[in-house]
Amino acid sequence: MGSRLLPLSATAVALAASSAGLTGLALYVGLVAVPLAAAAAYTAASDWLEGEHARLRAFSSSLALTLLVTASAVRYDAPAHTGTPPLASWSLVLAVVAYAIPAVAWVLEPLRYAGRKPAVFSR
């Protein structure tokens, strides 16, 4: 199993660098985050195909990978000294949100069982 926090950390660093105006650093950290996100997405997809309960993680990791590739491509093709393109910033924000989806589902999972009545067995 690969690290799930490494691509999230790289994405968060790229977003922070972009917010601070360090566009060069944000570009290179975003480019480094792409293979990390690909490894996480491939690991989650293979876990799901092996029969583990990793469907949500596979879909959210794949979505985050798509958004990271979009952000990196938009940022790389942007003209120099024009600032950060809004599509690149929003793609990074949505990638962080996509990585957070399984954590939110994990936190909310007990609520799914809270409304059910316990099974009563009678003889």
Per-residue Cβ contact counts at 10 Å, fewest first, order Leu15, Leu25 as Leu25, Leu15
To make sure I understand, if each residue's beta carbon is the centre and we count other beta carbons within 10 Å, what order do Arg55, Arg4, Arg75 fall in, fewest to most? Arg55, Arg4, Arg75
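Under the 0.36 nm per residue contour assumption, what length would be gained going from the current alpha-carbon distance of Tyr42 and Leu56 to full extension? List each step's numbers first, then the result.
Working: separation 14, 0.36 × 14 = 5.04 nm, distance 1.31 nm.
3.7 nm is the gain from fully extending Tyr42 to Leu56.
Since every read-out is calculated from the coordinates, none of them should be taken as a lab result. As the structure is a computational prediction, the values presented were derived from the model and not from experiment. Counting neighbours? That spans all protein chains shown, and the Cβs are built from the backbone with ideal geometry, glycine included.
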